[in-house]
Amino acid sequence: MKKEAIILLNMGGPNNLNEVEMFLKNMFADKNILTMKSNLVRKMVGGLIVFNRTEASQEIYRELGGKSPIVGHTKKLVAKLQKNLGENCIVDFAMRYTPPFACEVVERLNKEDVDKIYLIPLYPQYSTTTTKSSLEDFETCYHESGANALFVERKHFFENETYNKAVIENIKKSVGQSEYRDFDIVFSAHGLPQKIIDAGDVYEKHVKRHVEILKEMMQRENMAFHDVHLAYQSKVGRMEWLRPSLEDKLKTVRNRGVVIFPIAFTVDNSETDFELNIEYREIAEQLGFKDYRVCSCPNDSDLFVDALVEIYEKMK
């Protein structure tokens, strides 16, 4: 009997400290990340970035227990999705920059009688730097293997209501029994160089639309935050990036309580567990915030699993 497969795609993260350099090398060799036309220039610039960042990045992952949390969360998500869908649909995942790589997953798939593969990048909003890169990577590995299953792709899902219910649920958990009016909420998206947006990447448009959808949902749920903001994190280098930065945004928030939701991520990783929870917490404390809270990503929540089932069913 022919089988279908759902493959969840994400950027990945080091499974141990020895993989940190590999993670950085693969990321900055990606033509969708460093967009210069010359492969030689990309290799030189990427090599310089890796040289300058490896040691500091290893310290970050050392504080997180020696690895990124992204693979562990993804394995749990895959297991729950597999249990929901049953044996006739294979559920697996591939990472862009660290194991398990796409070619490993393709090798496993080719041992099964699979005739249709559903690719779902775990990025709510589309970007050439994430969605396009992950899809291209998997498709290249698959076609080079000589197999011939049919691909069906989902390029974004920020409008999926069930997914957004998972987001709202985590925001509610973060606020708990506190009063919403005592907090501003900042939706923090991973930043991008402005030149990538200027070249036609729709990421910024998707993020802004996503914030509007969540604002409407929060209003219906009587989640009356003092104010709602959008900011961008994770800037690297001197070039112009999307604004406002999260640090600059925090400087403008007059309320002394703030809730941060990482709107561009579905699974917790170093940018959420370290950058938001540790680095920006220190900045917030220096700025005089009395209460600084970071929401978890949906990870393997039941609502996120339900959303992925819905996405898969609509792709069929």
- [ ] With label points built 7 Å along Cα→Cβ from the Cα atoms of residue 40 and residue 103, find their separation and express it in nm.
- [x] 2.6
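Based only on other Cβ atoms within 10 Å, what is the fewest-to-most ordering of 205, 37, 235? If you can, show how the numbers build up before the last one.
Values: 205 12, 37 7, 235 18.
Listed from fewest to most nearby Cβ atoms, that is 37, 205, 235.
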Open item on the list: Multiplying the sequence separation of residue 315 and residue 116 by 0.36 nm and subtracting their Cα-Cα distance, what value in nm do you get?
Closed with: 70.5 nm
Task: Using θ = phi - 60° and Karplus 6.51 cos²θ - 1.76 cosθ + 1.60, couplings along region 85-96 (whole Hz; Gly, Pro as x) - done: 8, x, 6, 7, 10, 7, 10, 8, 9, 9, 9, 7
Task: For residue 101, distant residues with modelled amide H under 5 Å away - done: 95
Open item on the list: On a full-extension model of 0.36 nm per residue, what is the gain between residue 87 and residue 29, subtracting their alpha-carbon distance, rounded to one decimal in nm?
Closed with: 17.2 nm
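Percent relative contact order of the chain, based on C-alpha pairs within less than 8 angstrom and at least six residues apart?
In percent, rounded to a whole number, it is 22.
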Open item on the list: Taking 30 Å as R0, compute the FRET efficiency from the Cβ-Cβ separation of residue 169 and residue 63 and round it to 0.05.
Closed with: 0.60
Task: Per-residue ³J(HN,Hα) for region 212-224, Karplus 6.51 cos²θ - 1.76 cosθ + 1.60, θ = phi - 60°, Hz, x for Gly and Pro - done: 5, 4, 5, 4, 4, 5, 5, 4, 5, 8, 6, 8, 8
- [ ] For the chain, give the share of DSSP beta bridges that are antiparallel, in percent and rounded to the nearest 5; count only bridges with both residues there.
- [x] 5
- [ ] Order these peptides, 277-285, 95-103, by their mean beta-carbon neighbour count within 10 angstrom, highest first.
- [x] 95-103, 277-285
Open item on the list: Roughly how far apart, in whole Å, are the Cα centres of region 67-97 and region 170-208?
Closed with: 25
- [ ] Would you grab the residues whose amide H sits under 5 Å from the one on residue 294? Only those 5+ places off in sequence or on another chain, please, with H modelled 1.01 Å from N.
- [x] 260
Open item on the list: Using only Cα atoms and rounding to the nearest 10 degrees, what angle (0 to 90) does helix 133-144 make with the longest principal axis of the chain?
Closed with: 10
TODO: Compute the Cα gyration tensor for the chain, then decide on rounded, prolate or oblate, letting a ≥ b ≥ c be the square roots of its eigenvalues: rounded whenever a/c is under 1.5, prolate when a/b is larger than b/c in the other cases, and oblate in all that remain.
DONE: oblate
- [ ] If a/c stays under 1.5 just call it rounded; otherwise compare a/b with b/c (prolate if a/b is bigger, oblate if not). Do that for region 2-80, with a ≥ b ≥ c from the square roots of the Cα gyration tensor eigenvalues.
- [x] oblate
Task: FRET efficiency for residue 18 and residue 247, using Cβ-Cβ distance with R0 set to 35 Å, rounded to 0.05 - done: 0.65
Open item on the list: Beyond a 18 Å Cα-Cα separation, which of these cross-linked pairs lie in this structure: 132/155; 83/111; 172/314; 132/165; 75/132?
Closed with: 83/111; 172/314; 132/165; 75/132
Open item on the list: Quick check: net charge around residue 130, other residues with Cβ under 12 Å of its Cβ, Lys/Arg +1 and Asp/Glu -1?
Closed with: -1
Task: Residues with amide H under 5 Å from that of residue 4, placed H, sequence gap 5 or more - done: 90
Task: Ordering of 123-131, 246-254 by packing [mean C-beta count within 10 Å, highest first] - done: 123-131, 246-254
Open item on the list: Please report the net charge: other residues with Cβ closer than 9 Å to the Cβ of residue 229, K and R +1, D and E -1.
Closed with: -1
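All of the numbers you see were taken from the coordinates with simple rules; none came from a lab. Note that the structure is a prediction, hence the values are computed from the model and not measured. No Cβ is skipped: glycine too gets one built from the backbone with ideal geometry, and neighbour counts run over all protein chains shown.
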